[in-house]
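A.B. asks: Dumping the structure here so I can ask a few things about it.
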Amino acid sequence: MNSLHGVMVVGLTGQTGAGKSTVSRIFSDNGFAVINADNVARKVVEKGSKCLDEIADFFGSEVITPENTLDRRALAAIVFSDKTKLETLNTIIYPYITGEILRCIRQYSESGKKLILLDAPTLFESRADDFCEIIISVLADADIRRERIINRDGLTPEQAQRRMNSQLDEDFFETHSDYIIHNNGELDTVSEISKEVSDKIREIYGTREHLSAKCG
């Protein structure tokens, strides 16, 4: 039997600094299994991994620490100031991330967890949206996002802006998503909307599975 039978994968993405973590937590509380693509990205570049070897081959020893782990700050300084190098990094790392995401989806499915939220800031860039039946994007005003990134990552305003500029624009998210959640700081409102959206998706899933069972 195919362990992926009955699975619904929901993609959660959006602009950096928009505050996806709040939305992800609400979905988790509402029974969704969550795959965090940032955690996946860290896993695939662990010390001794093939992905890390490929990154070192292209970018050189300057992005590798004395402990033979990835120097994330050094790599970020390179790729967020050079679009071509960022594209090269994506070409290297995305196939590894995709493979690990598929493994996680199958693992959840085999354990009976069929409603899965894929929390992925680069959902579209990595083409992981191909796995998703429904896509949610979280957006926020630029000045709010910039401040959040500065506080979260300890960056200068210029560094934060470069990260923001490296992403897809707001229009893209709005035209490629099934649901848009705006998160400009009103936590109760965002939580309430996230709960409503997660309930609606659970309802869509339940209807689909009922019809599938009836037809089967």
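The values are calculated or read from the model by the stated rules, or taken from the named source; none is laboratory data. The shown structure was predicted, so the numbers you read here are calculated from the model rather than taken from an experiment. Counting neighbours? That spans all protein chains shown, and the Cβs are built from the backbone with ideal geometry, glycine included. The area values use the complete protein model at the heavy-atom level, side chains included, leaving out ligands, DNA and RNA. Shrake-Rupley method; radii C 1.70, N 1.55, O 1.52, S 1.80 Å.
A.B. asks: Which residue, 157, 89, 142, has the largest displacement toward the positive end of the dipole of the chain when charges sit on each Cβ (Lys, Arg +1; Asp, Glu -1)?
C.D. replies: 89
A.B. asks: Which far-off residues, 5 or more places away or on another chain, put their amide H under 5 Å from the one on residue 14, with H placed in the peptide plane?
C.D. replies: Amide H to amide H, under 5 Å and 5 or more residues apart or across chains, residue 14 pairs with 123, 138.
A.B. asks: What list of ³J(HN,Hα) couplings, whole Hz, do you get for segment 39-54 from phi and the Karplus terms 6.51, -1.76, 1.60, once you set θ to phi - 60° and write x for glycine and proline?
C.D. replies: 5, 4, 4, 5, 5, 6, 10, 4, 3, x, 7, 5, 4, 4, 4, 5
A.B. asks: Just from its helices, what would the mean residue ellipticity at 222 nm be for the chain, if runs of 4 or more DSSP H residues each count -39500 (n - 2.57) and the sum is divided by every residue, rounded to the nearest 500 deg cm²/dmol? Before the final figure, lay out each step's value.
C.D. replies: Numbers: 9 runs with 120 residues, N = 216.
Taking each H run of at least 4 residues, the total per residue is -17500 deg cm²/dmol.
A.B. asks: Tell me, what is a quarter of the convex hull surface for the C-alpha atoms of segment 157-210, in nm² with one decimal?
C.D. replies: For segment 157-210, averaging the hull's shadow over all directions gives 5.3 nm².
A.B. asks: Given the chain, what percent of its DSSP beta bridges are antiparallel, to the nearest 5?
C.D. replies: On the way: 1 of 19 bridges.
Counting DSSP beta bridges with both partners in the chain, the antiparallel share is about 5 percent.
A.B. asks: Taking Kirkwood radius over Cα pairs in Å as the quantity of interest, determine which of (1) 20.7; (2) 17.3; (3) 18.5 was computed from the displayed structure.
C.D. replies: Answer by label: (3).
A.B. asks: Under 5 Å between amide hydrogens, which residues at least 5 positions from residue 117 or on another chain qualify, with H placed 1.01 Å from N in the peptide plane?
C.D. replies: 10, 33, 34, 35
A.B. asks: Over all directions, the average projected area of the alpha-carbon convex hull for segment 22-104 comes to how many nm²?
C.D. replies: Averaged projected hull area, Cα only: 6.5 nm².
A.B. asks: Run the numbers for residue 84 and residue 5: contour at 0.36 nm per residue of separation, minus the present Cα-Cα distance, in nm. Numbers along the way, then the final one.
C.D. replies: Details: separation 79, 0.36 × 79 = 28.44 nm, distance 3.93 nm.
24.5 nm is the gain from fully extending residue 84 to residue 5.
A.B. asks: Springs between alpha-carbon atoms under 10 Å, Gaussian network over the chain: tell me which of 180, 55, 135 tops the mean-square fluctuations.
C.D. replies: Largest GNM mean-square fluctuation: 55.
A.B. asks: Take the residue pairs 20/214; 47/83; 50/195; 43/214; 85/113; 50/114 and return only those whose Cα atoms are more than 32 Å apart.
C.D. replies: 20/214; 50/195; 43/214; 85/113
A.B. asks: Oh, and also: Once Lys and Arg get +1 and Asp and Glu get -1 on their Cβ, which of 123, 184, 108 lies farthest toward the positive end of the dipole of segment 89-216?
C.D. replies: 108
A.B. asks: Where only protein heavy atoms count, and the probe is 1.4 Å, what is the accessible area per residue for segment 51-209 in Å²?
C.D. replies: 55
A.B. asks: Once phi is turned into ³J(HN,Hα) by the Karplus curve 6.51 cos²θ - 1.76 cosθ + 1.60 with θ = phi - 60°, what whole-Hz value does each residue of segment 113-125 show in order, with x for glycine and proline?
C.D. replies: 8, 9, 9, 10, 9, 9, 8, 9, x, 10, 4, 6, 4
A.B. asks: Here's a follow-up. Sequence-distant or interchain residues sharing an amide H contact under 5 Å with residue 167, placed H: which?
C.D. replies: Under 5 Å from the amide H of residue 167 lies no amide H from a residue far enough along the sequence or on another chain.
A.B. asks: For a quick check, take a GNM of the chain with Cα springs below 10 Å and name the residue from 58, 131, 173 with the largest mean-square fluctuation.
C.D. replies: Taking springs between Cα atoms under 10 Å, the residue moving most is 58.
A.B. asks: Also, I was wondering about something else. Report ³J(HN,Hα) in whole Hz for each residue of segment 163-180, in order, from the Karplus equation J = 6.51 cos²θ - 1.76 cosθ + 1.60 where θ = phi - 60°; Gly and Pro get x.
C.D. replies: 5, 5, 5, 7, 9, 5, 7, 4, 4, 4, 4, 5, 8, 10, 10, 7, 9, 10
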